[in-house]
1. Take the cross-link list Lys2/Lys141; Lys15/Lys61; Lys15/Lys147; Lys2/Lys80; Lys16/Lys141; Lys16/Lys147 and give me the ones stretching past 25 Å between alpha-carbons.
2. List the residues, sorted by chain then number, that are 5 or more residues from Ile63 or on another chain and whose placed amide H is less than 5 Å from its amide H.
3. If Lys and Arg each add +1 and Asp and Glu each add -1, what is the summed charge of the other residues whose beta carbon sits under 14 Å from the beta carbon of Gly69?
4. Distance in nm between label sites at His135 and Lys80, each 7 Å beyond Cα in the beta-carbon direction?
5. Between (1) 49, 30, 25; (2) 47, 38, 32; (3) 43, 34, 26, which entry matches Cα extents along the principal axes in Å as derived from the coordinates of this structure?
6. Dipole of the chain (Lys/Arg Cβ +1, Asp/Glu Cβ -1, origin at the Cα centre): which of Leu50, Leu30, Cys66 lies farthest to the positive side?
7. Could you give the accessible area per residue of region 48-150, probe 1.4 Å, as a whole number in Å²?
8. Working only with C-alpha atoms, what are the Rg and Dmax values of region 70-118, expressed in angstrom?
Amino acid sequence: MKISLASDHNGFDLKKNIADHIRKLGHEVLDLGPHKHDPLDDYPDYAKPLAESIANQLSDKGIMICGSGVGASVAANKIKGIRAAVCHDIYSAHQGVEHDDMNILCLGARIIGNEVAFELVNAFISATYSGEERHQRRLEKVLLMEKHLR
């Protein structure tokens, strides 16, 4: 599986550690930056190319890291086809994929440490969308909402 990965300055160190972890699991990482620490960078500058890499099918899933995960989620969800969510518990990290076809996991580097992040990444990467009728019905409603955005 190919995983896109990006962060802002707050998530810079955690991004590197997650990239190493993903590679150890045998997956490919598309690192969309930053490639050097810049305390003045902004999360939208990295959330946008990460989300576009998923929307354009350059990667299977994505992980975006900022201070809380919230800004990353807000920004990534502005790209059509993206379903990004902040998950700091294992249940949400896999259930978001299984029930809601979440394709970007957003993490807060100020909230969680490496070991929790690795467990969240494992749950997210290993999860697959169920396609159950009730989940598909709900997803189609969300996609219809997205289609009619002004």
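1. Lys2/Lys141; Lys15/Lys147; Lys16/Lys141; Lys16/Lys147
2. Under 5 Å from the amide H of Ile63 lie the amide H atoms of Ser4, Leu5, Ala6, Leu105, each far enough along the sequence or on another chain.
3. Details: positive: Lys15, Arg110; negative: Asp8, Asp89.
Cβ neighbours under 14 Å give a net charge of 0.
4. 2.6
5. (3)
6. Leu50
7. Details: 5450 Å² over 103 residues.
Each residue of region 48-150 exposes 53 Å² on average to a 1.4 Å probe.
8. Expressed in Å, the Cα Rg and Dmax of region 70-118 come to 10.8, 32.
The values are calculated or read from the model by the stated rules, or taken from the named source; none is laboratory data. Everything numeric here is computed off the predicted structure, so don't read it as measured data. Don't worry about glycine lacking a Cβ; one is built from the backbone with ideal geometry, like all the others, and counts go over all protein chains shown. Each accessible area value is taken on the protein alone, full model and side chains, heavy atoms only, with ligands, DNA and RNA left out. Shrake-Rupley method; radii C 1.70, N 1.55, O 1.52, S 1.80 Å.
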